[in-house]
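Just below is one structure, and these are the notes that go with it.
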Amino acid sequence: MKNCYPVYRSIQIRNIRSWQTGQMGELFIEDGVFVPQLAAPAELIVDAEGLTVLPGLIDAHVHLRDPGFEYREDIISGTKAAAHGGFTAVAPMPNTKPVTDTVPLIRYQIEKAADAGYCRVLPIGAATKNQAGLELAEIGLMAEVGAVAFSDDGVPIASADMMRKAMEYAAFFDRMIISHCEDPELSNDGVCNEGIVSTEMGLKGIPSIAEDIMIDRETRIAEYLDCPVHIAHVSTAGGVGVVRAAKARGVKVTAETCPHYFTLTEEAVRGFNTYAKVNPPLRTETDRLAVIEGLRDGTLDIIATDHAPHHEDEKDLEFSLANNGMIGLETCFPLVYTKLVEEGHLSLVEAVEKLTLNPAKLLKQEAPGLDAGSRADLTLVDLDETVSYDVSTSLSKARNTPFQGMELKGFPQLTIMAGNITWDSGRLTARTVE
């Protein structure tokens with residue numbers, strides 16, 4: 001299956017607003033890269049009046065469920081959803097079936113995405129074989145064929161000695177370990193944040209220290225080895241504090257959070273709302289504000305979606321039995337813009353860096369940009385129109401979102417990857433193709 005949009009050798013985009021300066025201008029694309037001018041008239045002319053141009057977004061943490069769970073999502077539907085959300089590259093975690101811990105599976109993901117043509121896939125290989133935490137996976141071989149990082153995300157690496165070995169081995173191949181920080185003895189099959197809400201609802205809680213302790217462990221190991229480590233989906237005030245302190249000591253640590261951790265709290269699970277059931281769980285208002293401060297002061301480097309699609313039957317269950325996770329590719333930038341930029345926590349430049357430049361650094365990718373000579377990856381977003389989010393418009397196979405009906409700004413209208421259109425809202429082409 002190929003990208004369903006027409007292919008144009010040259011594109012001119014007029015009347016764009018710069019995400020950095022706010023000034024109006026135009027861009028020229030030829031043979032997949034930005035150029036100063038076109039040698040001949042453009043095959044496609046787009047009038048982007050009223051829209052802001054951003055570099056193509058990069059998501060350093062998604063779940064595409066392929067292979068093995070294609071009824072939830074597959075690489076084609078997931079990359080379509082990514083393009084719909086303004087992303088031109090995504091990094092899927094390895095908790096597939098079978099686990100992505102071998103060269104053929106890394107190649108399979110890259111090649112299937114390339115054939116579909118909607119979004120680049122940058123596979124994250126498993127750190128340990130079958131994510132069992134007992135034996136290192138073939139990190140070197142996977143790195144050679146395109147694995148950009150390694151993680152057992154979905155489950156923690158419980159053994160500190162195994163984490164040490166994984167960090168050392170990955171660093172030898174200039175790759176990063178991405179750690180799912182959760183002490184399994186403390187989380188102990190909990191289903192939401194341990195606190196007032198869990199008590200009132202009669203649910204088994206997960207204490208915030210289950211995350212904090214493991215973040216501290218990873219940063220201490222990284223410090224001892226002088227190796228880099230990346231902390232996934234930080235959700236607690238304590239965790240933000242641990243990362244901040246480690247950075248102050250010179251530890252080579254980077255960290256991410258997700259839109260649901262700076263927009264929602266544990267209150268969202270009331271009514272046994274399984275769409276708000278995630279791991280790590282939604283925390284308290286104190287934690288939410290600490291995550292925002294961590295983004296503001298640079299403690300948290302990256303915003304990732306942790307896009308986690310599930311079939312309706314896996315969410316339409318009693319709370320304790322429902323799967324963890326929510327979809328997030330198509331609401332990510334609108335949530336970032338509406339809840340962080342418009343509310344004054346981040347500038348647009350700072351927000352875009354956490355969605356482009358910083359994940360590119362983490363995953364050893366070309367720095368995104370709109371300068372001549374750069375690969376032509378971009379998205380045009382509407383920062384003015386407020387839209388009530390409707391999940392029925394999603395291109396994902398899944399519908400598990402707590403953001404249905406939320407009023408948001410910043411939805412993408414056009415996405416281009418390497419000079420090819422990968423998402424078009426129809427709002428532009430109806431009046432701009434000449």
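FYI, it's all coordinate maths here, none of it is from the lab. None of these values were measured; they are calculated from a predicted model. Positions of Cβ are generated from backbone atoms using ideal geometry, with glycine treated the same way; all protein chains shown enter the neighbour counts.
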Beta bridges per DSSP with both ends in the range 56-362, % antiparallel, nearest 5 | 5 percent
Residues whose modelled amide H sits under 5 Å from the amide H of N193, counting only those 5 or more places away in sequence or on another chain, are I206, L282
Cα-based helix-to-principal-axis angle, 209-225 vs the chain, degrees rounded to 10 = 80 degrees
May I ask for the angle, rounded to the nearest 10°, between helix 285-296 and the longest principal axis of the chain, with both axes built from Cα atoms and the value confined to 0 to 90°?
-> 50 degrees
Set the Förster distance to 45 Å, then compute FRET efficiency between N273 and A40 from the Cβ-Cβ distance, nearest 0.05.
-> 0.20
When the chain is fully extended, how far beyond the present Cα-Cα distance does V7 get from S347, taking 0.36 nm per residue of separation?
-> 119.0 nm
Roughly how tilted is helix 103-116, in degrees to the nearest 10 and between 0 and 90, from the longest Cα axis of the chain?
-> 30 degrees
Long-range amide H partners of F411, meaning residues 5 or more apart or on another chain whose placed amide H is closer than 5 Å, are D382
On the formula 1/(1 + (r/R0)^6), with r taken between the Cβ atoms of F173 and I209 and R0 of 41 Å, the FRET efficiency rounded to 0.05 is 0.80
Before anything else, pin down the relative contact order of the range 56-362: Cα pairs under 8 Å, at least 6 apart, normalised by residue count, whole percent.
-> 16 percent
Under unit Cβ charges (Lys, Arg +1; Asp, Glu -1), what dipole magnitude, rounded to 20 debye, does the chain have relative to its Cα centre?
-> 500 debye
Amide H neighbours of M176 at under 5 Å, excluding residues fewer than 5 places away on the same chain, with H built from the backbone geometry, are F150
Distance between modelled label sites at K97 and K129, nm, 7 Å Cα→Cβ extension | 2.2 nm
Starting with the fewest neighbours, write out I292, I29 ranked by other beta-carbon atoms found within 10 Å of each beta-carbon.
-> I292, I29
Consider a paramagnetic label point 7 Å from the Cα of L141 along Cα→Cβ; state which residues of the range 102-116 have an amide N under 20 Å from it.
-> 102-112
Once both labels are modelled 7 Å past Cα along the beta-carbon direction, what's the E312-Q20 spacing in nm?
-> 4.6 nm
Cα gyration tensor of the range 56-362, axes a ≥ b ≥ c as square roots of the eigenvalues: rounded (a/c below 1.5), prolate (a/b > b/c) or oblate?
-> rounded
Calculated from backbone phi, Karplus (6.51, -1.76, 1.60) coupling profile of the range 381-398 in Hz, x at Gly/Pro = 10, 9, 8, 9, 7, 8, 10, 7, 4, 10, 5, 5, 7, 5, 9, 6, 6, 9
Within the range 279-326, GluC sites (Glu not before Pro) in DSSP loop having at most 15 other beta-carbon neighbours inside 10 Å = E318
Listing Y169, Y71 by rising number of other beta-carbon atoms within 10 angstrom, fewest first, gives Y71, Y169
For the range 344-349, take each phi angle, set θ = phi - 60°, evaluate the Karplus expression 6.51 cos²θ - 1.76 cosθ + 1.60, and give the result in whole Hz per residue in order, putting x for glycine and proline.
-> x, 7, 9, 6, 4, 4
Kindly put V197, V121 in sequence by how many other C-beta atoms sit within 10 Å of each C-beta, fewest to most.
-> V197, V121
Between the range 166-185 and the range 92-136, how many Å separate their Cα centres?
-> 16 Å
Between their Cα atoms, which of K315/K361; K97/K277; K247/K364; K354/K409 are more than 26 Å away from each other?
-> K315/K361
Per-residue ³J(HN,Hα) for the range 27-36, Karplus 6.51 cos²θ - 1.76 cosθ + 1.60, θ = phi - 60°, Hz, x for Gly and Pro = 10, 10, 10, 9, 6, x, 10, 6, 10, x
Compute the separation of the alpha-carbon centres of the range 376-396 and the range 244-311 and state it in Å as a whole number.
-> 22 Å
When the helix-only estimate is applied to the chain (DSSP H runs of n ≥ 4, each -39,500 (n - 2.57), divided by the residue count), what is the mean residue ellipticity at 222 nm, nearest 500 deg cm²/dmol?
-> -8000 deg cm²/dmol
